[in-house]
Amino acid sequence: MVVNKGAGTIFNERRLGIVRCLTNNNGECAIKNIAERFGVTERTIRYDLDVINSFLMKKDIPIYLIIKDGSIIIESDIYNRLESLEAIKDLNL
């Protein structure tokens with residue numbers, strides 16, 4: 001299923017799942033858990049992060065999702081983590 005809410009066809013169910021996982025878990029999610037949940041490889045999740053990061057950059061949202069110790073975390077120079085989570089939630093994906 002592809003979702004189209006201002007994001008074009010960038011956000012499918014899996015990518016929305018990644019964003020929701022981050023917003024529901026204080027900005028950190030284990031890649032392994034997400035991959036298992038959606039039945040894909042961890043490499044697929046890493047590819048999804050590239051797509052999500054490109055989308056955020058095009059929206060001029062200074063947030064970058066990185067991988068650290070097997071988890072996806074929010075990194076941002078301008079916002080603290082809570083403000084970063086709110087910026088993602090404000091996208092209404």
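The values are calculated or read from the model by the stated rules, or taken from the named source; none is laboratory data. Worth saying up front: this structure is predicted, and the values here are computed from it rather than measured. SASA here: full protein model, heavy atoms, side chains in, ligands and nucleic acids out. Shrake-Rupley method; radii C 1.70, N 1.55, O 1.52, S 1.80 Å.
Using modelled amide H (1.01 Å from N, peptide plane; none on Pro or chain starts), what sits under 5 Å from the amide H of SER71, excluding residues fewer than 5 places away?
HN-HN under 5 Å from SER71: ILE31.
Run the numbers on segment 7-71 and let me know its relative contact order in percent, using alpha-carbon pairs under 8 Å that are six or more apart.
Numbers: 41 pairs, mean separation 21.4, N = 65.
Taking the mean separation of contacting Cα pairs over the length of segment 7-71, I get 33 percent.
Leaving ligands, DNA and RNA out of it, rank ARG14, ARG46, ARG37, ARG20 by accessible area with a 1.4 Å probe, largest first. Working shown, then result.
Details: ARG14 50, ARG46 85, ARG37 165, ARG20 120 Å².
Descending order: ARG37, ARG20, ARG46, ARG14.
Please compute the length gained on full extension between LYS58 and ARG46, using 0.36 nm multiplied by the number of residues separating them and subtracting their Cα-Cα distance. It would help to have the intermediate numbers written out before the result.
Numbers: separation 12, 0.36 × 12 = 4.32 nm, distance 1.87 nm.
Difference between extended and current length: 2.4 nm.
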